[in-house]
Structures are given as C-alpha cells and as structure tokens.
Amino acid sequence: MPGAGAAVAAGDATPPSRADLPVLILTGPTGVGKSDWAIRLAAEAPVEIVSVDSALVYRGLDIGSAKPPRALRDRIPHHLVDICDAAESYSAGRFVTDASVCIRQIHARGNVPLLVGGTMLYIRALVHGLAVLPSASAQVRLQLDERAAREGWPALHNELSVLDPTAAARIGRSDRQRIQRALEVCYATGQPISELQRATVSPLAGLRLKYWVLAPTNRVVLHERLAGRFGSMMAAGFLEEVRELRQRGDLTARHPSMRAVGYRQLWAHLDGEYGLEEAKQRGIFATRQLAKRQLTWLRAEKAARWIDPDTDETSWNRDVRHELRELGL
C-alpha cells in the first residue's frame, strides 16, 4: 500500500472522483494513543491528517495540547494545526467550514483525509451537520441569567423540559451554558433546538466514511496513562509555556485557549489561587473528567467501530487492514 501523501503517478488512470475517495475518522478519549494509530494508518494508506482538536488550532499551545512535533508534521501532512492566535476564538462552525475545505483539497490531490482528534463537538458537527441557529442575544441571555440568579438553573431546565423535552433529556440540570442556549433558540425561533438540529445535513453526506473509536476497556490503565502524561508535560516545560502565554499581556483566564484542560489549572496557580502540586492534581482530575465526557459522547455514535488499543493488535492486523483494502487503499 502507498505511504502518506502518495499521489497518482503521471500516466496512471484518471484519479478517483471525490465521491470515490473515503473520509477516515479516528477518535477516542484524550491520552488513548490516537496520534500513534494515525501514524500507523499513514504507513498503510495515502492519508493527510486533519486535526479535530480545539487546542491544536492555537499557536503557542504546544506542550499542554500534546501537539505533534514539527518533524512528524513535515513528514505526514497535518491540517488545522497552528491556524489561530491564542487570543482568538475558534468555533464548531468555523471548524466545519475549515475541515470541509481541507477534505475537498485532499481529495483533489488523490489522497484520503484522516480526521484525528477528540473534540467531540467538532466531530459531531461534521458527521451529523451543524444546525443553522440564531445568533446569540445579549438581552435574552441577561434575562435568563437574572432569572437563574432568582430561581436557579434547575428551574430553567424544568421550563426547557416543557418546551423541548428532547434537548432537556440530554442537558444536565446545572449545565448553564446549554440550558441558556436551548431556551434562547426556543424564544427566538419558536422551535425546539432539537428539531432544528435534526433537520441538518452532514457536510460528509454522499462520501464513504470509515469511523474508528479507540477506547480502552480498562479505565484504570487509561487513568494511569493520563497521570503519567501530565507529569511528562510538566517535566517538558508545561508551566513555563503557560507562564510565557500569560506574560504576553493580552490573554486572560476567560479566553477559550486558556480554558483548555491543564492550561486553566496552571493559569489559576500562577494567579495564586492554589499551589503547584494542587494545580497538577486538579489538572489530572480535569483530564480524567474530560476523558469520561468524551466516552459518553462517543457511545451515541452508532456508525463507529470501537477498538481497544491496548488489546486489539489482532484487530489492527486483520480487521483494520481489511477495511482499508475494502476502501481501495
């Protein structure tokens, strides 16, 4: 099989059309080893990697985001890495637009896009489509905040249960941001946000899709790996990286880039909120919670095939290679 970035040689048959080339997705919880598996896939098929990670888009967030090293990115094409300044905001909508452009361009080169990452909102927006929703209303949000201050967010969740029971069933009773947005959409459009989301069309519609989820069966092993990885990041200069970002002077703890797991806890330490050891433990705990949320999201993805990266070497040698052959790769 051709290696990463292989193109159709001069004189070969006409390259396959975009509809003939697949889109590969490789996801799973943080720290599971997605990058290693992506390298293995790149050795088997002519792929270009499209990052699906809300931290990797930011320049300067290198150590704490586990950004692939420059040498690897030079060897295997990577997209949507280092495309934003840390002071910018990056959204699921912008990701869908950027990823869709990357997919078209990669297909035009006769290669296969391999989407790799664990930002589940981005994956879901691409696979299932992103609803066209009204813009945020500062006035409505202020009114909801004032009501929540008087009545509490669970009371507003009860209201959402009447207006949009489907959305309420998947939103926690204290999830301020999602309750607020769902009610805001109901007020603005007169329609439940769940109905608007169901009416969306995926940007990948009509394309062949192969979807793998790396998920260890033994959660203890994953937790140990996450703690070890955080320690390795600290040893590599993670705190110094956050300190340098802080010293820029134009970033605050409220910027999306600085709310990323690990960055948020170390920033708070530098603000004097707690000591370094507590910051590390909080960072490890937050990483575990992130992995738990990612797995919860992924259980709803019926099209994906789950693989235990720690025990499924046979699955790689037999099943994954077979699937690549079926895709003509």
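Numbers at a glance
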quantity	calculated
Residues of the stretch 273-329 satisfying the condition of being in a strand (DSSP E or B) and either at pLDDT 95 or above or farther than 21 Å from ARG229 by Cβ (or both)	ARG305, TRP306
Among residues of the stretch 216-251, those that are among the small types (Gly, Ala, Ser) and part of a helix (DSSP H, G or I), counted	5
Selection count where residues are under 14 Å from GLY31 (Cβ atoms) and in contact with a Gly (Cβ under 8 Å, 6 or more places away or on another chain), scope the stretch 214-259	8
Candidates GLY228, GLY206, GLY275, GLY249 - the one that is of a type outside the set (A, V, I, L, M) and either surrounded by 13 or more Cβ atoms within 10 Å (Cβ to Cβ) or within 21 Å of TRP37 (Cα to Cα) (or both)	GLY228
Residue selected from the stretch 278-329 under the condition acidic (Asp, Glu) and under 23 Å from the mean Cα position of the chain (by Cα), by the criterion surrounded by the most Cβ atoms within 10 Å (Cβ to Cβ)	GLU301
Check on ARG254, of a type in the set (Lys, Arg), closer than 19 Å to LEU56 by Cα and surrounded by 14 or more Cβ atoms within 10 Å (Cβ to Cβ)	no
Boolean, SER194 is in contact with a helix residue (DSSP H, G or I) (Cβ under 8 Å, 6 or more places away or on another chain), without any contact (Cβ under 8 Å) to a residue 40 or more places away in the chain and exposed (fewer than 13 other Cβ atoms within 10 Å of the Cβ)	no
Count of the stretch 61-96 residues which are in a helix (DSSP H, G or I) and either at positive phi or surrounded by fewer than 19 Cβ atoms within 10 Å (Cβ to Cβ) (or both)	10
Number of the condition not met by ILE123 [criteria: (1) crowded, with 20+ Cβ neighbours inside 10 Å; (2) of a type outside the set (Asp, Glu); (3) touching a helix residue (DSSP H, G or I) at 6+ places or on another chain (Cβ under 6 Å)]	(3)
Some residue of the stretch 202-213 being outside the structural domain of ALA268 (by TED's automatic domain parsing), over 25 Å from the mean Cα position of the chain (by Cα) and at negative phi	no
Residue match in the stretch 175-193 (condition: closer than 26 Å to LYS280 by Cα and outside the structural domain of VAL52 (by TED's automatic domain parsing))	yes
Total residues in the stretch 243-266, condition in contact with a Phe, Trp or Tyr (Cβ under 6 Å, 6 or more places away or on another chain) and at pLDDT 95 or above	2
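Here is a yes/no grid of residues against (1) under 30 Å from GLU244 (Cβ atoms); (2) in contact (Cβ under 8 Å) with a residue 60 or more places away in the chain:
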| position | (1), (2) |
| --- | --- |
| ASP82 | yes, no |
| PHE95 | yes, no |
| GLY110 | no, yes |
| GLN177 | yes, no |
| GLU184 | no, no |
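The values are calculated or read from the model by the stated rules, or taken from the named source; none is laboratory data. Since this is a predicted model, take the numbers as computed values, not measurements. Reconstructed Cβ throughout: ideal geometry from the backbone, glycine too, with neighbour counts over all protein chains shown.
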